[in-house]
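Undergrad: Have a look at this one.
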Amino acid sequence: MNPEWKRGLSEARQHFEALRARWPRAFPANDHDVRPLASGAAAIVAAEMGWPEAYTRGVLRIWKARSAYCRACLSYPGRIALDGSPTVERVDDEARAMAREQLELRKRRREAERQPTAPPEKAAEALPPPPPPPPQETPRKRAGFEALRQAHRNRIAAGGG
(Lines give C-alpha, C1' and ligand atoms only; values in the text may rest on other atoms or scores of the structure.)
Protein backbone atom coordinates (compact mmCIF):
# COMPACT_ATOMS: atom_id res chain seq x y z
CA MET A 1 0.00 0.00 0.00
CA ASN A 2 1.38 3.36 -1.02
CA PRO A 3 2.31 5.40 2.07
CA GLU A 4 1.05 8.64 0.48
CA TRP A 5 -2.32 7.05 -0.27
CA LYS A 6 -2.51 5.76 3.29
CA ARG A 7 -1.66 9.22 4.64
CA GLY A 8 -4.38 10.69 2.41
CA LEU A 9 -6.86 8.27 3.95
CA SER A 10 -5.95 9.29 7.49
CA GLU A 11 -5.91 13.04 6.81
CA ALA A 12 -8.87 13.22 4.40
CA ARG A 13 -11.50 14.69 6.70
CA GLN A 14 -9.37 17.70 7.55
CA HIS A 15 -9.24 18.60 3.83
CA PHE A 16 -12.95 18.45 3.03
CA GLU A 17 -13.46 22.12 3.93
CA ALA A 18 -10.60 23.18 1.64
CA LEU A 19 -12.01 21.08 -1.19
CA ARG A 20 -15.47 22.51 -0.54
CA ALA A 21 -14.08 26.07 -0.63
CA ARG A 22 -12.33 25.43 -3.96
CA TRP A 23 -15.07 23.31 -5.61
CA PRO A 24 -18.34 23.86 -3.71
CA ARG A 25 -20.53 22.03 -6.25
CA ALA A 26 -18.29 18.95 -6.33
CA PHE A 27 -17.87 18.74 -2.54
CA PRO A 28 -21.14 20.13 -1.14
CA ALA A 29 -21.88 20.39 2.56
CA ASN A 30 -25.43 19.04 2.15
CA ASP A 31 -25.64 15.32 1.55
CA HIS A 32 -28.57 15.66 -0.85
CA ASP A 33 -26.41 17.82 -3.16
CA VAL A 34 -23.62 15.23 -3.56
CA ARG A 35 -23.13 13.87 -7.10
CA PRO A 36 -20.72 11.28 -8.51
CA LEU A 37 -17.42 12.85 -9.62
CA ALA A 38 -15.88 12.42 -13.05
CA SER A 39 -12.99 9.97 -13.22
CA GLY A 40 -10.33 12.62 -13.95
CA ALA A 41 -11.07 14.55 -10.77
CA ALA A 42 -8.14 13.13 -8.77
CA ALA A 43 -5.50 14.40 -11.21
CA ILE A 44 -7.05 17.88 -11.29
CA VAL A 45 -7.38 18.07 -7.50
CA ALA A 46 -3.77 16.92 -7.08
CA ALA A 47 -2.49 19.57 -9.50
CA GLU A 48 -4.61 22.40 -8.08
CA MET A 49 -3.98 21.59 -4.42
CA GLY A 50 -0.29 20.72 -4.90
CA TRP A 51 -0.75 17.25 -3.44
CA PRO A 52 0.84 14.03 -4.65
CA GLU A 53 -1.62 12.08 -6.78
CA ALA A 54 -1.54 9.03 -4.48
CA TYR A 55 -2.32 11.28 -1.50
CA THR A 56 -5.20 12.85 -3.43
CA ARG A 57 -6.60 9.42 -4.32
CA GLY A 58 -6.57 8.56 -0.60
CA VAL A 59 -8.42 11.76 0.30
CA LEU A 60 -11.00 11.19 -2.45
CA ARG A 61 -11.41 7.55 -1.40
CA ILE A 62 -12.78 8.72 1.94
CA TRP A 63 -15.09 11.22 0.20
CA LYS A 64 -16.37 8.50 -2.11
CA ALA A 65 -16.88 6.02 0.75
CA ARG A 66 -19.40 8.35 2.41
CA SER A 67 -23.00 7.17 2.43
CA ALA A 68 -24.13 10.31 0.59
CA TYR A 69 -21.70 9.64 -2.26
CA CYS A 70 -22.72 5.98 -2.49
CA ARG A 71 -26.40 6.95 -2.61
CA ALA A 72 -25.57 9.49 -5.34
CA CYS A 73 -23.90 6.75 -7.42
CA LEU A 74 -27.07 4.68 -7.11
CA SER A 75 -29.41 7.61 -7.83
CA TYR A 76 -27.77 9.60 -10.64
CA PRO A 77 -26.85 8.20 -14.04
CA GLY A 78 -24.16 10.78 -14.87
CA ARG A 79 -21.04 12.20 -13.30
CA ILE A 80 -20.04 15.83 -12.74
CA ALA A 81 -16.85 17.80 -13.27
CA LEU A 82 -15.27 19.63 -10.35
CA ASP A 83 -17.10 22.82 -11.32
CA GLY A 84 -20.40 20.95 -11.00
CA SER A 85 -21.13 20.79 -14.71
CA PRO A 86 -22.42 17.48 -16.09
CA THR A 87 -20.04 15.32 -18.08
CA VAL A 88 -20.72 12.66 -20.70
CA GLU A 89 -19.31 10.07 -18.31
CA ARG A 90 -21.90 7.70 -16.86
CA VAL A 91 -21.97 5.87 -13.54
CA ASP A 92 -21.22 2.30 -14.58
CA ASP A 93 -22.42 -0.98 -13.07
CA GLU A 94 -19.11 -1.53 -11.29
CA ALA A 95 -19.42 1.81 -9.48
CA ARG A 96 -23.01 1.02 -8.54
CA ALA A 97 -21.98 -2.40 -7.21
CA MET A 98 -19.21 -0.82 -5.12
CA ALA A 99 -21.68 1.76 -3.77
CA ARG A 100 -24.18 -0.96 -2.84
CA GLU A 101 -21.43 -2.97 -1.16
CA GLN A 102 -20.24 0.06 0.84
CA LEU A 103 -23.78 0.86 2.00
CA GLU A 104 -24.42 -2.78 2.96
CA LEU A 105 -21.16 -2.88 4.91
CA ARG A 106 -22.12 0.28 6.77
CA LYS A 107 -25.59 -1.16 7.48
CA ARG A 108 -24.12 -4.41 8.87
CA ARG A 109 -21.77 -2.44 11.11
CA ARG A 110 -24.64 -0.32 12.45
CA GLU A 111 -26.73 -3.44 13.13
CA ALA A 112 -23.81 -5.12 14.88
CA GLU A 113 -23.35 -2.05 17.09
CA ARG A 114 -27.04 -2.09 17.99
CA GLN A 115 -27.03 -5.77 19.02
CA PRO A 116 -27.31 -5.93 22.79
CA THR A 117 -24.61 -7.87 24.50
CA ALA A 118 -25.65 -10.91 26.49
CA PRO A 119 -26.49 -10.19 30.13
CA PRO A 120 -23.83 -11.37 32.57
CA GLU A 121 -26.03 -14.29 33.70
CA LYS A 122 -26.39 -15.54 30.14
CA ALA A 123 -22.70 -15.21 29.51
CA ALA A 124 -21.95 -17.11 32.71
CA GLU A 125 -24.31 -19.93 31.66
CA ALA A 126 -22.39 -20.37 28.45
CA LEU A 127 -19.13 -20.93 30.32
CA PRO A 128 -18.33 -24.24 32.01
CA PRO A 129 -18.52 -24.11 35.79
CA PRO A 130 -15.26 -23.24 37.51
CA PRO A 131 -13.33 -26.14 39.02
CA PRO A 132 -13.89 -26.70 42.74
CA PRO A 133 -11.33 -25.05 44.99
CA PRO A 134 -8.56 -27.32 46.21
CA PRO A 135 -9.17 -28.80 49.68
CA GLN A 136 -7.65 -26.66 52.37
CA GLU A 137 -5.83 -28.19 55.24
CA THR A 138 -7.02 -26.91 58.58
CA PRO A 139 -4.16 -26.09 60.87
CA ARG A 140 -4.01 -28.21 64.03
CA LYS A 141 -4.65 -25.26 66.31
CA ARG A 142 -7.74 -24.38 64.32
CA ALA A 143 -8.97 -27.95 64.43
CA GLY A 144 -8.49 -27.95 68.21
CA PHE A 145 -10.37 -24.69 68.58
CA GLU A 146 -13.28 -26.00 66.50
CA ALA A 147 -13.43 -29.10 68.70
CA LEU A 148 -13.54 -26.92 71.84
CA ARG A 149 -16.22 -24.74 70.32
CA GLN A 150 -18.36 -27.76 69.43
CA ALA A 151 -17.94 -29.16 72.94
CA HIS A 152 -19.09 -25.83 74.38
CA ARG A 153 -22.19 -25.87 72.09
CA ASN A 154 -22.96 -29.38 73.20
CA ARG A 155 -22.78 -28.40 76.89
CA ILE A 156 -25.10 -25.43 76.32
CA ALA A 157 -27.52 -27.63 74.44
CA ALA A 158 -27.45 -30.15 77.29
CA GLY A 159 -28.22 -27.38 79.74
CA GLY A 160 -24.83 -27.49 81.41
CA GLY A 161 -24.07 -23.86 80.57
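Undergrad: Name the one entry in A38, A42 that is in contact with a Lys or Arg (Cβ under 9 Å, 6 or more places away or on another chain), small (G, A, S), at pLDDT 95 or above and closer than 16 Å to A72 by Cα.
TA: The match here is A38.
Undergrad: Name the residue that is farthest from N30 (Cα to Cα), counting only residues in region 67-78 that are in contact with a Lys or Arg (Cβ under 7 Å, 6 or more places away or on another chain) and crowded, with 16+ Cβ neighbours inside 10 Å.
TA: In this case the residue turns out to be C73.
Undergrad: Which of the helices (runs of 4 or more DSSP H) contained wholly in region 1-70 include at least 2 residues that are acidic (D, E)?
TA: Those helices (runs of 4 or more DSSP H) span 3-11.
Undergrad: Then there is this: Can you tell me which condition G84 does not meet? The list is (1) surrounded by 20 or more Cβ atoms within 10 Å (Cβ to Cβ); (2) on the phi > 0 side of the Ramachandran plot, and all the others hold.
TA: The single condition G84 does not satisfy is (1).
Undergrad: Ok, one more. If you take the residues of region 101-126 that are aliphatic (A, V, I, L, M) and at pLDDT 60 or above, which of them is nearest to L74 (Cα to Cα)?
TA: Step by step, filter region 101-126, then rank; the result is L103.
Undergrad: Whether any residue in region 10-33 is closer than 27 Å to K107 by Cβ, touching a Pro at 6+ places or on another chain (Cβ under 8 Å) and at pLDDT 95 or above is what I want to check.
TA: Checked region 10-33: at least one residue is closer than 27 Å to K107 by Cβ, touching a Pro at 6+ places or on another chain (Cβ under 8 Å) and at pLDDT 95 or above.
The values are calculated or read from the model by the stated rules, or taken from the named source; none is laboratory data. This structure is a prediction, so every number in the text was calculated from the model and none was measured. Please note: Cβ atoms are built from the backbone with ideal geometry, for glycine as well, and neighbour counts cover all protein chains shown.
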